Amino acid sequence: MFDVMNNKKIFIEKTFKMNINLDSEKVNKFEEFMNHMLLWNERVRLTSITDENEIIDKHFIDSLTVVNTKLFDGHKKVMDMGTGGGFPGIPLKFYNDEIELTMIDSRLKKIEYLETVIEKFNLKNTFALHGRAEDYGRDNEYREKFDVVVSRAVAELATLAEFCLPFVSVNGYFVAMKGSEVEDELNDANKAISILGGKVEKIMKFQLPDSDFSRSIIVIKKVELTPKSYPRTSGKPKKKPIKG
Ligand code: SAM
């Protein structure tokens, strides 16, 4: 599996190219995580990607790209919304174990799997919550309580902003991980971002190391509180996104 030396070497080289320095203990965690995920993937569909090199690129390296925003350093309260099999949340926790990590997903089986990951790696201050963004976003225990909310492959930006911005504290950030073409999506989401209290701070465009996979990271700052009427009830942000 991942302990084939060559895969490990490739992973280390790629993180290096991204200016991310992982010590051998951390690299070993990624290795064990891959083995654990592939084992569980036979029971619960966590990912369609089972080739180890592809897992390295499309799950591990891709998840770590947000580290270059510098928003995941130090002691931060981070949420991964629609985490699925723990991406990008688990790689970010391996990168910096000072992060207090909350992962949310509406699929119970994924949350049950993530609980095994938390236990296996003895991850402190790490929580896997079952339920919908729209419901947790109205709960005062979670609303406006996070320094950074990150999300990958969950919904179009206008919908995603309504899922994520309510959790971000003022002056915190919502980080949306997207593919190469984001301009149309961003235009469609401008009104939602502004109504929900956000302001686009920057868009980072790049390719994953040694590949032609293009990615964009949209960094949105929370500049004002989200109006109490958002998020709307379950299903509405997706069915009827706030648009201009
Ligand atoms: N973020 C992971 C990744 O990049 O591999 C998973 C992406 S998967 C395509 C989308 C996930 O978002 C699914 O696991 C789904 O259950 C979750 N999801 C979609 N809408 C949601 C909502 N309203 N609240 C919570 N989770 C949601």
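The values are calculated or read from the model by the stated rules, or taken from the named source; none is laboratory data. Every value quoted in this text rests on a predicted model; they were computed, and no experiment measured them. Note that each Cβ is placed from the backbone with ideal geometry, even for glycine, and that neighbours are counted across all protein chains shown. Surface accessibility is based on the protein's heavy atoms, side chains included, excluding ligands, DNA and RNA. Shrake-Rupley method; radii C 1.70, N 1.55, O 1.52, S 1.80 Å.
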*Among the residues of segment 14-40 satisfying the criterion of being in contact (Cβ under 8 Å) with a residue 24 or more places away in the chain and open to solvent by 80 Å² or more (accessible area, probe 1.4 Å), which is nearest to Asn96 (Cα to Cα)?*
Asn19
*Looking only at segment 225-240, decide whether some residue is charged (D, E, K, R), modelled with pLDDT of 95 or more, touching a Gly at 6+ places or on another chain (Cβ under 8 Å) and surrounded by 13 or more Cβ atoms within 10 Å (Cβ to Cβ).*
no
*Residue tally, condition within 13 Å of the ligand (Cβ to nearest atom) and either outside any helix (DSSP H, G or I) or buried (at least 16 other Cβ atoms within 10 Å of the Cβ) (or both), over segment 41-56*: 8
*Could you list all residues from segment 81-115 that are of a type in the set (A, V, I, L, M, F, W, C) and either in contact with a Gly (Cβ under 8 Å, 6 or more places away or on another chain) or surrounded by 21 or more Cβ atoms within 10 Å (Cβ to Cβ) (or both)?*
Met81, Phe87, Ile90, Leu92, Phe94, Ile99, Leu101, Met103, Ile104, Leu114
*Restricting attention to segment 94-115, which residues are among the polar types (S, T, N, Q) and within 16 Å of the ligand (Cβ to nearest atom)?*
Thr102, Ser106
*Pick from segment 180-197 the residues that are within 22 Å of Ile104 (Cα to Cα) and not in a helix (DSSP H, G or I): which of them is nearest to the ligand (Cβ to nearest atom)?*
Leu196
*Would you check which residues across segment 66-80 are open to solvent by 10 Å² or more (accessible area, probe 1.4 Å) and either within 15 Å of the ligand (Cβ to nearest atom) or in a loop (DSSP other than H, G, I, E, B) (or both) and list them?*
Lys70, Leu71, Asp73, Gly74, His75, Lys76
*Considering each of Asn68, Asn21 in turn, give the residue that is under 23 Å from Ile217 (Cβ atoms) and under 19 Å from the mean Cα position of the chain (by Cα).*
Asn68
